[in-house]
Amino acid sequence: MAGTSPAMTPNNWNALFVEVVAVVEKVVAAVRTGPSKTEIREFPMPDIPEDAALMKMEVAGICGTDVKLYKTPPSSTPVIMGHENIGTIAKAGREFTRRKGFREGDLVFVEHYVACGKCEWCHLGQYRHCENTDWRYNPDAIRYGYTSAEKAPHLWGGFAQFVYLPWNAVVHHVPKGVTPELAGLVTPMANGVEWSLFDGGVGYNSTVLIQGPGQQGLSQTVICKQAGASLIIVTGTSKDTARLEVAKKLGADHVIDVESEDPLARIMEITARKGVDVVLDCTAGAGTIPVLLGVEALKRKAGTIVVQGEMTDFPNFPIGRVTVKFITIKSARGHSFRACELALAQLAAGEFDRALENAQAALRESPWDGAVHYTLARVYHRLGQAQLAGEEFRTSQRLKAAGLDTAHRLLECAQHLEKAEKQEALEIGRQLTESEQVAPEALVALGVLYGNAALHAEALEPFRRAAERDPALFQAHYNTGLTLLKLGRTNEAEAPLRRAVELIPQSFDASSALALVYVAANRHREAIPLLESARRTRPGNPRILGLLGTAYLRTRSEKAVPVLRAAVRAAPQDSKFYFLLIEALQSGKDEYGALKVAQEVVRLFPGLAEAHLAVAQQLARMGRYQDAGRYFQTAAEMAPSNLSALLGLGEVLHKRADYEGSLAVYRRTLALEPQNLSAQLGVARNLALLGRLEEAREALERALPQHPQSASLRFELARVYTRLQEPEQAAEQTRIFQQLREKELAASDAGQSPEPP
C-alpha cells in the first residue's frame, strides 16, 4: 500500500541511519559550560570507523555525583554530562560488530568507563581502575559524562541525541522485555550488586545495615533481599520518611529515623545485641557519623563495612575499635562487568512479573471488562508470550462485541455479590449461563466473579459451559481445572488443566496448576517438566521452587538441594522450605549441612516446636544423643501432644540408658495414642531392661492383637519369652518373626512397601 512504512528490522537500520545523516548533519547536546550553567550546542555528526559505533540515546540517568559536579565542576572545560546511558545502536562498523557482537537496532546499556584494554587492571577485568578512564588523575581520560566535549569526536555524554562508541566502550545487551526507562536503573543496581554482594559479601542469612535510603541505598536493599539476607535495616533522616517506606516495600525488615531515635540502641535491640554482619554506607554529605555508627553496629568480630564517603580527612578515626573488632573496611567505587549483567538480569526478572501480577489482579476485580483483558494482552506481548497475548486480545474484542446488556448484567452480578446478596447474583448468573447469546468469554467472567466470592461450586457450571461452546478457549479450561482443585476434586482437575496446557504450553498458571495435580498424586516425574517450564517464566517464584524441589526430592534427584536452597532464598520467612531442604540434605547424606540448616530454622523460628524437633532428629541421626535430648525435650514442652517429639525423646533417653525416663515418656505417648506401635515397643523394651519381665510380656501380649503382622513385635516377644525361660513360646514367636521378615524382604526386593513394623 502506498505510503506504508516497511517493518523495521536489523537489515534496514543502516538505510535508516543514512537517511538520518542526510537530514541531520549536526548532533544537538546539552553542555555544561560552568557552575550550574547549561548551553544547547551542536556538534558535527561523526564518521564511524569499522571498529566503532554510534548510539542513539533513549534514556540518560542522573545520580548524586551529577548533581554535585553540575554545581561544582572539577574543571572549566565544556562537558556533555550523562554517564548512565541507554540507547539503540544506530550505526555499527563491521569490526565493532565482529568483536563485540552488537548489531544495529540492539537496545544497549553503555558503562561510563572507556578503558585502554592493555594495562594490568584491564587484564584483571577491573577496567574501572584503568588510568585511561580515571578523570581524577588523567586530564586526557575518557569517561562518559566527564570527558571534555572539545575532545573529538565530542559525543562523550548521554545528554545528547547520539553518543560515540569507540572500540573499547563497554556495552551490554538490554534483555528483552526491559524498557529503556527501566534499564536506566542499571547503574545504581550494578553498584548495589558490586558493593553488597562482591565487596560486602552479603549472601544467604546475612544481617545488613544500609545507611541512606537514596537510589543507591534502595538498590542495595533490593539486591540484599534477593541474595537471601535474613535481616535488612535501613536508616535515614526525618526528610527520608517517604523513602524509608519505599525501603520497606523493597524488602527492608526495619527502618530507623536517626533523628527521632538512637540508631545504635535500636540496631542492638533488633539484633539481640549481636550487631550486623555487614554495613553499607550509602549516605551523602553525612560526614564521619555513618562510619562511626557502622563500626559500633557491626558484630563482635570480623564484620565488614563498605564506605563511599569522600571526606578529605577523618579526625580521631577509631582505629583501635577497628582493630579489636577485626573489621574489614572496603571502598565502594563503581561496578564491574558481571555486576552490570546481574543487575540487568534482576531488572528483567522482576518488572514484567509485577506488571503481570497487577494486570491479573485487575482481571479478578473486573473479569467482564475488555479493557482489562487488552492491558493483560499487552503485558503478555512484552513478555514474548505470543499465544497468551493473542488469547487476551481475542477475549477483549469478543467481550466488546458481546453487547452492553451482558456487561451490565455482569456488573449487576458483581454488585450483588459485593453486598452479599447471593441469591440475586445467582439468578442473574443462571440467566446468563442458559442464554445461547452470551459469549463464552462472558461466561468465564461470570465464573471468575463467583470464584472471587468463594462460590466455587457455582462457578464450575459457567466455566464448563464456556469450554463446551469454545473448545479452544484457554481461560475456560484453565478456570474449570482450577475450580475443581479448590473444591478438592483433584483427579477431575487433570483433564481440563491438561487441555489448557495443550492450548498454551507456556502458561505459567496452567503449567503450575497441572503440576500441582501431579505432585498431589505422587506423579512427580510428570510434574518436573511442567515445573521447570514455570520456573523459566518466574525464576524466583518460591511456590514453584518449592514444588519443583519436592518433585526432585521424591524422585531422589541431586537437583533437589540447589532448587530448595533457591526456594529458601526466595521466601526466607516460610519455614516449610527449610524442612524440605533438611530432608533433601539428609537424602544426600550431607548430615552436617542438614544440621546447619536445622539450627538456622531454630534461630529464625524459635517458637516453632517443629524447628527444635528437626535439630533433635538430625543430632540423633548423627549419634549425638546428649545434644539431641535437649532439643527433643524443648520440642515436647512446646508441643506436649507432638508424638514425634515424644517418641524421639523416649528413644534418646533409652540410648542414654535412662530407662525409667524413657519408660515414662513412652507411657505419655500411649496416653495420647494407645495403639502406637513404637511406643508399645518402647515400653516393653524399657521394662525388660529394668528387669520387669512379666510387665514387659503383658505389654507385648496386649499389643499383639493390634499388630499381628509386626515382625518387630514378634522379635521382642521371643526375647522376653527366652529370658522368662519359656522356650516353646520363644520358638513359636521366632518362627513367626522369620516368616514375617521373609515377606518384608520379598516385598522390598519387588519394589513394594513392606508392612509397617
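Kindly check whether there is at least one residue in region 632-649 that is of a type in the set (Ser, Thr, Tyr), modelled with pLDDT of 90 or more, touching a helix residue (DSSP H, G or I) at 6+ places or on another chain (Cβ under 9 Å) and farther than 30 Å from Leu663 by Cβ.
Taking every residue of region 632-649 in turn, none turns out to be of a type in the set (Ser, Thr, Tyr), modelled with pLDDT of 90 or more, touching a helix residue (DSSP H, G or I) at 6+ places or on another chain (Cβ under 9 Å) and farther than 30 Å from Leu663 by Cβ.
Could you tell me which of the residues Thr147, Thr187, Thr207, Thr179 is touching a strand residue (DSSP E or B) at 6+ places or on another chain (Cβ under 6 Å) and under 17 Å from Val110 (Cβ atoms)?
Values: Thr147 fails: touching a strand residue (DSSP E or B) at 6+ places or on another chain (Cβ under 6 Å); Thr207 fails: under 17 Å from Val110 (Cβ atoms); Thr179 fails: touching a strand residue (DSSP E or B) at 6+ places or on another chain (Cβ under 6 Å).
Matching residue, one of Thr147, Thr187, Thr207, Thr179: Thr187.
Out of everything in region 665-722 that is part of a loop (DSSP other than H, G, I, E, B) and polar (S, T, N, Q), what residue ends up being most open to solvent (accessible area, probe 1.4 Å)? If you could, list the steps in order and put the result at the bottom.
Applying the first criterion (part of a loop (DSSP other than H, G, I, E, B)) to region 665-722 yields 673-676, 690-692, 704-710.
From what is left, the residues that are polar (S, T, N, Q) are 675-676, 706, 709-710.
Details: Gln675: 112, Asn676: 19, Gln706: 77, Gln709: 91, Ser710: 2 Å².
Checking each candidate, the answer is Gln675.
Listed residues Gly101, Gly158, Gly177, Gly125; which is within 25 Å of Glu25 (Cα to Cα) and within 35 Å of the chain's Cα centre (by Cα)? So that I can check it myself, show each step before the final result.
Numbers: Gly101 fails: within 25 Å of Glu25 (Cα to Cα); Gly177 fails: within 25 Å of Glu25 (Cα to Cα); Gly125 fails: within 25 Å of Glu25 (Cα to Cα).
Only one candidate qualifies: Gly158.
Of everything in region 122-133, what is open to solvent by less than 40 Å² (accessible area, probe 1.4 Å) and not basic (Lys, Arg)? Give them in sequence order. If you could, list the steps in order and put the result at the bottom.
Restricting attention to region 122-133, the residues satisfying the condition of being open to solvent by less than 40 Å² (accessible area, probe 1.4 Å) are 122, 125, 127-128, 130, 133.
Selection gives Cys122, Gly125, Tyr127, Cys130, Thr133.
Which of the residues belonging to region 529-549 are crowded, with 20+ Cβ neighbours inside 10 Å and over 17 Å from the mean Cα position of the chain (by Cα)?
The one that is crowded, with 20+ Cβ neighbours inside 10 Å and over 17 Å from the mean Cα position of the chain (by Cα): Leu530.
If only one of Asn522, Asn479 is more than 28 Å from Pro440 (Cα to Cα) and either small (Gly, Ala, Ser) or over 19 Å from the mean Cα position of the chain (by Cα) (or both), which one is it? Before the answer, list the steps.
Numbers: Asn479 fails: more than 28 Å from Pro440 (Cα to Cα).
Sole residue among the options that is more than 28 Å from Pro440 (Cα to Cα) and either small (Gly, Ala, Ser) or over 19 Å from the mean Cα position of the chain (by Cα) (or both): Asn522.
What are the pairs, 6+ residues apart or on separate chains, where a residue within region 538-564 that is within 16 Å of Arg523 (Cβ to Cβ) has its Cβ under 9 Å from a residue that is among the polar types (S, T, N, Q)?
Sorted first by the residue in region 538-564, then by its partner, the pairs are Leu547/Ser512; Ala551/Ser557; Leu553/Ser587; Arg554/Asn522; Arg556/Ser587.
Within region 154-170, restricting attention to residues that are in contact (Cβ under 8 Å) with a residue 60 or more places away in the chain and more than 25 Å from Val67 (Cα to Cα), which residue is most open to solvent (accessible area, probe 1.4 Å)? Step through it out loud before you land on a result.
Within region 154-170, the first condition is being in contact (Cβ under 8 Å) with a residue 60 or more places away in the chain, and the residues that meet it are 154-167, 169-170.
Subset that is more than 25 Å from Val67 (Cα to Cα): 166-167.
Numbers: Pro166: 15, Trp167: 113 Å².
Looking at the filtered set, the residue picked out is Trp167.
Can you name the residue in region 572-593 that is in contact with a Gly (Cβ under 9 Å, 6 or more places away or on another chain) and farther than 18 Å from Ala551 by Cα and, of all such residues, is least open to solvent (accessible area, probe 1.4 Å)?
Pro572
Any residue in region 136-143 that is surrounded by fewer than 20 Cβ atoms within 10 Å (Cβ to Cβ), over 37 Å from the mean Cα position of the chain (by Cα), charged (D, E, K, R) and within 22 Å of Ala30 (Cα to Cα)?
Yes, region 136-143 has at least one match.
Residue by residue through region 280-301, note down the ones that are open to solvent by 30 Å² or more (accessible area, probe 1.4 Å) and under 33 Å from the mean Cα position of the chain (by Cα).
Thr283, Ala284, Glu296, Lys299, Arg300, Lys301
Starting from region 291-316, take each residue that is on the phi > 0 side of the Ramachandran plot and list its partners that are open to solvent by 80 Å² or more (accessible area, probe 1.4 Å) and hydrophobic (A, V, I, L, M, F, W, C), counting only C-beta distances under 7 angstrom and pairs at least six apart or across chains.
Close Cβ pairs satisfying both conditions: Ala302/Phe326.
If you go through region 598-606 one residue at a time, do you hit one that is open to solvent by 20 Å² or more (accessible area, probe 1.4 Å) and touching a residue at least 60 places away in the same chain (Cβ under 8 Å)? Write out each step before concluding.
Taking region 598-606 first, the residues open to solvent by 20 Å² or more (accessible area, probe 1.4 Å) are 599-600, 602-606.
This time we only want the ones that are touching a residue at least 60 places away in the same chain (Cβ under 8 Å), so: 600, 604.
Within region 598-606, one or more residues are open to solvent by 20 Å² or more (accessible area, probe 1.4 Å) and touching a residue at least 60 places away in the same chain (Cβ under 8 Å).
Looking at Arg498, Arg525, can you tell me which residue is in contact (Cβ under 8 Å) with a residue 24 or more places away in the chain, among the basic types (Lys, Arg) and either within 19 Å of Ala551 (Cβ to Cβ) or open to solvent by less than 20 Å² (accessible area, probe 1.4 Å) (or both)? Explain how you work it out, then say what you get.
On the way: Arg498 fails: in contact (Cβ under 8 Å) with a residue 24 or more places away in the chain.
Arg525 is the lone residue from the list that is in contact (Cβ under 8 Å) with a residue 24 or more places away in the chain, among the basic types (Lys, Arg) and either within 19 Å of Ala551 (Cβ to Cβ) or open to solvent by less than 20 Å² (accessible area, probe 1.4 Å) (or both).
Open to solvent by 40 Å² or more (accessible area, probe 1.4 Å), outside any loop (DSSP other than H, G, I, E, B) and of a type in the set (A, V, I, L, M): is that true of Leu446 in this structure? Write out each step before concluding.
Details: open to solvent by 40 Å² or more (accessible area, probe 1.4 Å): no; outside any loop (DSSP other than H, G, I, E, B): yes; of a type in the set (A, V, I, L, M): yes.
Here the answer is no, as Leu446 does not meet what is asked.
Take the conditions at pLDDT 90 or above and either aliphatic (A, V, I, L, M) or over 40 Å from the mean Cα position of the chain (by Cα) (or both) and apply them to Leu449. Does it pass?
Details: at pLDDT 90 or above: no; either aliphatic (A, V, I, L, M) or over 40 Å from the mean Cα position of the chain (by Cα) (or both): yes.
Spelling it out, it is not the case that Leu449 is at pLDDT 90 or above and either aliphatic (A, V, I, L, M) or over 40 Å from the mean Cα position of the chain (by Cα) (or both).
Within the set of pairs 6+ apart or on separate chains, which have a first residue in region 110-135 that is among the β-branched types (Val, Ile, Thr), a second that is assigned to a helix (DSSP H, G or I) and open to solvent by 40 Å² or more (accessible area, probe 1.4 Å), and C-beta atoms under 9 Å apart?
As it stands, the answer is Val114/Asn132, since those pairs meet every condition given.
Considering only region 171-185, state which residues are in a strand (DSSP E or B) and open to solvent by less than 20 Å² (accessible area, probe 1.4 Å).
If the condition is that a residue be in a strand (DSSP E or B) and open to solvent by less than 20 Å² (accessible area, probe 1.4 Å), then Val171, His172 are the ones that fit.
What number of residues in region 333-386 are at pLDDT 70 or above, outside any helix (DSSP H, G or I) and farther than 30 Å from Leu280 by Cβ?
Here the count works out to 3.
Which one of these is more than 28 Å from Thr187 (Cα to Cα) and either in contact with a Gly (Cβ under 7 Å, 6 or more places away or on another chain) or open to solvent by 10 Å² or more (accessible area, probe 1.4 Å) (or both): Glu269, Glu245, Glu310? Let's see the steps before the verdict.
Numbers: Glu245 fails: more than 28 Å from Thr187 (Cα to Cα); Glu310 fails: more than 28 Å from Thr187 (Cα to Cα).
Answer to the check: Glu269.
Between a residue in region 69-91 that is within 9 Å of Gly157 (Cα to Cα) and any residue that is open to solvent by 50 Å² or more (accessible area, probe 1.4 Å) and not in a strand (DSSP E or B), which pairs come within a Cβ distance under 6 Å, given they are 6 or more apart or on different chains?
From residues that are within 9 Å of Gly157 (Cα to Cα), the pairs are Ile80/Phe159; Met81/Phe159; Gly82/Phe159.
Quick check: is even one residue across region 464-475 in contact with a Gly (Cβ under 9 Å, 6 or more places away or on another chain), closer than 23 Å to Ala362 by Cα, in contact (Cβ under 8 Å) with a residue 12 or more places away in the chain and not in a helix (DSSP H, G or I)?
No: region 464-475 contains no residue that is in contact with a Gly (Cβ under 9 Å, 6 or more places away or on another chain), closer than 23 Å to Ala362 by Cα, in contact (Cβ under 8 Å) with a residue 12 or more places away in the chain and not in a helix (DSSP H, G or I).
Could you list, in sequence order, all residues of region 472-484 that are within 23 Å of Leu376 (Cβ to Cβ) and surrounded by 21 or more Cβ atoms within 10 Å (Cβ to Cβ)? Before you say what the answer is, go through the steps one by one.
The first filter runs over region 472-484 and keeps only residues within 23 Å of Leu376 (Cβ to Cβ), leaving 472-483.
Once the filter is applied, which keeps residues that are within 23 Å of Leu376 (Cβ to Cβ) and surrounded by 21 or more Cβ atoms within 10 Å (Cβ to Cβ), region 472-484 yields Leu473, Phe474, Gln475, Ala476, His477, Tyr478, Asn479, Thr480, Gly481, Leu482, Thr483.
Grab the helices (runs of 4 or more DSSP H) fully contained in region 6-121, keeping just those with 1 or more residues being at pLDDT below 95 and buried (at least 21 other Cβ atoms within 10 Å of the Cβ).
Values: elements: 13-23, 64-71, 94-100.
Where helices (runs of 4 or more DSSP H) fall fully within region 6-121 and carry at least 1 residues being at pLDDT below 95 and buried (at least 21 other Cβ atoms within 10 Å of the Cβ), they are 94-100.
Could you pull out the residue among Thr323, Thr304, Thr328 that is open to solvent by 30 Å² or more (accessible area, probe 1.4 Å), under 26 Å from Gln226 (Cβ atoms) and modelled with pLDDT of 90 or more?
Residue meeting the stated conditions: Thr328.
The values are calculated or read from the model by the stated rules, or taken from the named source; none is laboratory data. The model shown is predicted, which means the values in this text are computed figures rather than measured ones. Backbone-built Cβ (ideal geometry, glycine too); neighbour counts: all protein chains shown. Protein only, heavy atoms only, side chains kept; ligands, DNA and RNA dropped before computing areas. Shrake-Rupley method; radii C 1.70, N 1.55, O 1.52, S 1.80 Å.
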